[in-house]
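Step one of this worksheet: look at the structure below.
The values are calculated or read from the model by the stated rules, or taken from the named source; none is laboratory data. Note that this is a predicted model, so its numbers are computed, not measured. Ideal geometry is used to build each Cβ from the backbone, glycine not excepted, and the neighbour counts take in all protein chains shown.
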Amino acid sequence: MLKDSGLRAKSRDAKFAVYFIGTTPPRDSNGLEKVEEIADKLLARLDKLEFDGLIVYDIQDESARTDETRPFPFSKTFDACHYSQILGQRLKRPIITYKSIAQLNKPDFNRWLDNSWQLYGVRDIVLVGSPATNNKQSLLLADAYKLQREHRNNYYLGGIAIAERHAKKGDEHLRLLEKDRMGCEYFVSQAVYDAPSTIDMLANYARECRAQNIRPRRFVLTFTPCGSEKTMNFMQWLGISIPDATRWRILDAQDPLMESIKVCRSNLNQIIDACMSLNIPLGLNIESLTNRKEEIDASIKLFKLLKATLDLALAEREFNHVEAKYGK
């Protein structure tokens, strides 16, 4: 039986970035044959891309988080672990599987840890807590981390980094360090549309790591294209911060999708300029939040552009290190 996907070892090498494509399982109403067909179509789109693996989200109803109406009605999706297995068997690359623990108790979660490993071959996971702080839940995220840490299977565990929460409370970097202590080995951000918030979070995190003599963990930055007002409203409903100037820059553009790609590239460049010297290993996760063909195609373009941008920045950093060490 496969013991490890290899992602942990690859991600530890700070000289290189890691690159992912984020995807959502198909609707639960689809039969297995249709789900496999959807998986094949997704991988056909990604055939020419150089990426390290996929991220499969565990979509849950988050209506308790806000009183606002969800722009796209919630639909239950196919089991994320099973979909990860289907994709992994075809792709032969690591699959990071999200798991929402809000509706589980301790025995339920322990069974999930057993089944996801043994039945579906899941090795790399991100645990997600309740979307609402006032939501009654049987299992807290801290308890889930503890159960996972004590479990016999050695999952490569990741956590969520929320720059929007840092902008409001100023303590997300401390949450990240606590997640590190509880077993998280990497972090995945929400979609970035407000670069300064992400920069502040990363800078505070790096500073606290230095103060505590802790090696910074890998940060995978998520980006997504946006081609319509409905998609943007959905992004904001999910809690993604979009400054007004950015909102209208995209929506008032002749080609909103292309403008959103330019915004994402600008945001990544700002993060690189501000944070490359912090020695935080970076990565990218490019997703499409809708099943609109135009936005899915735009996410492929965005992946190519942002990967080239980060690759170039890392190459320049390595060149500067070599030049500083050995002289001109």
request  = Could you tell me which residue of segment 56-72 is modelled with the highest pLDDT, considering only residues that are more than 17 Å from I240 (Cβ to Cβ) and surrounded by 15 or more Cβ atoms within 10 Å (Cβ to Cβ)?
outcome  = V56
request  = Mind counting the residues in segment 94-111 that are closer than 20 Å to T77 by Cβ and within 24 Å of the chain's Cα centre (by Cα)?
outcome  = 11
key: Selected residue (only one of W112, W117 is touching a Phe, Trp or Tyr at 6+ places or on another chain (Cβ under 8 Å) and hydrophobic (A, V, I, L, M, F, W, C))   = W117
request  = Taking the residues in segment 201-227 that are assigned to a loop (DSSP other than H, G, I, E, B) and without any contact (Cβ under 8 Å) to a residue 60 or more places away in the chain as candidates, determine which candidate is nearest to I55 (Cα to Cα).
outcome  = R215
inquiry  = Suppose the filter is under 30 Å from Q212 (Cα atoms), in a loop (DSSP other than H, G, I, E, B), of a type in the set (G, A, S) and modelled with pLDDT under 95; does S130 pass it?
reply    = yes
message = basic (K, R), surrounded by 17 or more Cβ atoms within 10 Å (Cβ to Cβ) and on the phi < 0 side of the Ramachandran plot: is that true of R8 in this structure?
response = yes
remark   = Here the residues within segment 25-42 that are out of contact with any Asp or Glu (no Cβ under 8 Å at 6 or more places or on another chain) and surrounded by 15 or more Cβ atoms within 10 Å (Cβ to Cβ) are P26, R27, N30, V35, E36, I38, A39, L42
Matching residues, segment 219-237, being surrounded by fewer than 18 Cβ atoms within 10 Å (Cβ to Cβ) and within 30 Å of L278 (Cα to Cα) = Q236
Segment 290-309, residues that are buried (at least 21 other Cβ atoms within 10 Å of the Cβ) and either closer than 23 Å to C209 by Cβ or among the aliphatic types (A, V, I, L, M) (or both) = A298, L302, L306
inquiry  = Checking the condition of a type in the set (S, T, N, Q), assigned to a helix (DSSP H, G or I) and at pLDDT 95 or above, which residue from T198, T231 passes?
reply    = T198
query = Would you say Y193 is surrounded by 19 or more Cβ atoms within 10 Å (Cβ to Cβ), touching a residue at least 12 places away in the same chain (Cβ under 8 Å), in a helix (DSSP H, G or I) and not aliphatic (A, V, I, L, M)?
reply = no
note = Given (1) under 18 Å from the mean Cα position of the chain (by Cα); (2) of a type in the set (S, T, N, Q); (3) assigned to a loop (DSSP other than H, G, I, E, B), N153 misses just (1)
query = Here are N291, N285, N269: which of them is modelled with pLDDT under 95 and either in a helix (DSSP H, G or I) or not aliphatic (A, V, I, L, M) (or both)?
reply = N291
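For every residue, the table says whether it meets (1) of a type in the set (A, V, I, L, M, F, W, C); (2) out of contact with any Asp or Glu (no Cβ under 8 Å at 6 or more places or on another chain).
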{"residue": "M182", "(1), (2)": "yes, yes"}
{"residue": "T198", "(1), (2)": "no, yes"}
{"residue": "E208", "(1), (2)": "no, yes"}
{"residue": "A211", "(1), (2)": "yes, yes"}
{"residue": "I214", "(1), (2)": "yes, no"}
{"residue": "R217", "(1), (2)": "no, no"}
{"residue": "C226", "(1), (2)": "yes, no"}
{"residue": "I240", "(1), (2)": "yes, no"}
